[in-house]
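These notes concern the structure reproduced below.
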Amino acid sequence: MSRNITVLGAGMIGVSVAWHLVRRGHTVTLVDRREPGRETSFGNAGIIQREAVRPYAFPRDIGTLLRVLPNREVDIRYRPTGMANVAGPLLQYWLNSGGARYERIVKEWASLIMRCQDAHAPMIEAAGAEELVRKGGWLELYRTQRALDERLALANEDRGRFGVEYKVLDAAALRAAEPHLGAGLVGAIHWTQPWMVSDPGALVQAYARNFEEQGGRLLRASVEDVIQTEDGWRVVTSEETLETEQVVVAMGPWSAKLMASLGIKVPLFVKRGYHMHYSTEQGAVLNHWVMDAEKGFLLEPMRAGIRLTTGAELADLDAPPKYKQLAAAERAARQLFPISKRRDAEPWKGARPCMPDMKPVIGPAPDKAGLWLAFGHGHQGFTLGPATGELLAQMMDGETPAIDMTPFSVTRFLVN
């Protein structure tokens, strides 16, 4: 039966949820203060990561912690006040990042990741966005044989458990694949399954256009209040007030504030990141998306130029930007590949919405009929948007979802 549904947030998650709901015949309004795909979904590395069956764990070994402590690294930086403000969630994140806890989380997380491409494919086709997508995988580069061997041991395990596919490139094979990379690399892992997107924001926008073509409504407005009523929900925006039967909260890093206003506290914290686009030195070509695994940055040949994407910055969501991490990544990137002038007027900054057990929240809100949740995907919102939309739509229509959704229920964080 068709219902009137409002989806809050037009990043990859919200757009995907709205797309699946309107495709099922519901009347759907998608609300965001900005155009679709202009926040977190805009600034990522643009990889649909079928290989990412292990969520990013908090460093636990003493060597890494000591390396990070001076706060000068490319892969991880922090602001003491930002960390203090989320000390509880960060402690839980650390506890969940090893041993039996982490192994259980990997299995649950992988059940989502393994669906990512099957979920993206019909949306790419319906949106006519094939030109944005390139198949063939990406390269994870290593400077030391020890680090490469350690990663390969996990990759071999993931091949057997989760069907992850890869090839190993020695230094000579890597040089043949990417002749303009700098010296000092011992080899790489070529993850062959992932799809690369040359303009991540444009893919979200293509999905949103197709949502509208199917009869969905896009409302550009700020969400000011969400109120439960006898008949459903009232969403007050800066442009108009919507009376709706059901609401989906898919506001990424801003979801926690809205949930708190509804009496539900979720331990969401953010990992911020930066990017910049560059031209290249004359004649230099980057054939693949590449990650310097031991430095912690990525280079991606995108429409706008070579995108340099930093690692994580642990800071408050609204803290002013600090560009030292990007500057450090740029210095390291220039040693790896001959990038030239900056192409953007200023660096892009965004925030990844993270949960302390590294898994998103997907499903109904307890004791609030008609309120549904889809946020907290960490580094993989771009990868997991369509799968999240498919699974949540199944739940909202009373169907048995394709996988067990119990591990993603918000109730795991709520104390009676």
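The values are calculated or read from the model by the stated rules, or taken from the named source; none is laboratory data. A quick note: this is a predicted structure, and the numbers were derived from the prediction, not measured. All Cβ positions, even for glycine, are placed from backbone atoms using ideal geometry, and neighbour counts span all protein chains on display.
Side notes on the structure shown:
- For segment 296-305, the criterion of being assigned to a loop (DSSP other than H, G, I, E, B) and basic (Lys, Arg) is met by at least one residue.
- GLN282 fulfils the conditions (1) surrounded by fewer than 20 Cβ atoms within 10 Å (Cβ to Cβ); (2) farther than 28 Å from LEU373 by Cβ; (3) in contact (Cβ under 8 Å) with a residue 24 or more places away in the chain except for a single criterion, (3).
- Strands (runs of 3 or more DSSP E) lying entirely in segment 95-189 (those with 3 or more residues that are more than 30 Å from TRP19 (Cβ to Cβ)): 138-142, 166-170
- Single match in LEU185, LEU218 (criterion: under 30 Å from GLU281 (Cα atoms), surrounded by 14 or more Cβ atoms within 10 Å (Cβ to Cβ) and either out of contact with any Gly (no Cβ under 7 Å at 6 or more places or on another chain) or not β-branched (Val, Ile, Thr) (or both)): LEU185
- Every residue from segment 376-404 that is within 25 Å of THR27 (Cα to Cα), outside any helix (DSSP H, G or I) and among the aliphatic types (A, V, I, L, M): ALA402
- Of residues in segment 253-278 being out of contact with any helix residue (DSSP H, G or I) (no Cβ under 8 Å at 6 or more places or on another chain) and basic (Lys, Arg), the one nearest to ALA57 (Cα to Cα): ARG272
- Residue check, GLN117 at pLDDT 95 or above and in contact with a Pro (Cβ under 8 Å, 6 or more places away or on another chain): no
- Annotation note: Cβ proximity below 6 Å between a residue of segment 24-45 that is touching a residue at least 12 places away in the same chain (Cβ under 8 Å) and a residue that is surrounded by fewer than 17 Cβ atoms within 10 Å (Cβ to Cβ) and hydroxyl-bearing (Ser, Thr, Tyr) (sequence gap 6+ or interchain) occurs for GLY25/SER2; HIS26/SER2; ARG33/SER222.
- Sole exception among (1) outside the structural domain of TRP138 (by TED's automatic domain parsing); (2) more than 19 Å from MET355 (Cα to Cα) for GLU73, by number: (1)
- Some residue of segment 106-126 being basic (Lys, Arg) and within 19 Å of MET196 (Cβ to Cβ): yes
- Residues satisfying the stated conditions in segment 55-100, i.e. farther than 20 Å from TYR274 by Cα and in contact with a Leu (Cβ under 7 Å, 6 or more places away or on another chain): PRO59
- Residue list for segment 340-373, filter: within 20 Å of the chain's Cα centre (by Cα) and part of a strand (DSSP E or B): TRP348, LYS349, GLY350, ALA351, ARG352, PRO353, CYS354, VAL361, ILE362, GLY363, TRP372, LEU373
- Counting only residues that are outside any strand (DSSP E or B), in contact with a helix residue (DSSP H, G or I) (Cβ under 7 Å, 6 or more places away or on another chain) and closer than 13 Å to ILE5 by Cβ, segment 208-252 holds 4 of them.
- Cβ-Cβ contacts under 6 Å between residues 6 or more apart (or on different chains), taken from a first residue in segment 310-321 that is assigned by TED's automatic domain parsing to the domain that holds GLU300 and touching a residue at least 60 places away in the same chain (Cβ under 8 Å) to a second residue that is of a type in the set (D, E, K, R) and buried (at least 16 other Cβ atoms within 10 Å of the Cβ), are listed as GLY311/ASP75; ALA312/LYS271; GLU313/ARG77; GLU313/ARG272; ALA315/ARG79; ALA315/ARG272.
- Test for ALA319: is it surrounded by fewer than 17 Cβ atoms within 10 Å (Cβ to Cβ) and more than 19 Å from the chain's Cα centre (by Cα): yes
- Flag for ILE48 being out of contact with any Asp or Glu (no Cβ under 9 Å at 6 or more places or on another chain) and either crowded, with 23+ Cβ neighbours inside 10 Å or under 24 Å from TRP372 (Cα atoms) (or both): yes
- So PHE297, is it modelled with pLDDT of 95 or more, over 21 Å from VAL68 (Cα atoms), touching a strand residue (DSSP E or B) at 6+ places or on another chain (Cβ under 9 Å) and of a type in the set (Phe, Trp, Tyr): no
- Of the residues screened, LEU373 is not one that is over 30 Å from PRO320 (Cβ atoms), touching a residue at least 24 places away in the same chain (Cβ under 8 Å) and outside the structural domain of THR309 (by TED's automatic domain parsing).
- Screening the candidates ALA155, ALA221, ALA176, ALA208 for the property of being within 25 Å of GLY305 (Cβ to Cβ), in contact (Cβ under 8 Å) with a residue 12 or more places away in the chain and in contact with a strand residue (DSSP E or B) (Cβ under 9 Å, 6 or more places away or on another chain) yields one hit, ALA208.
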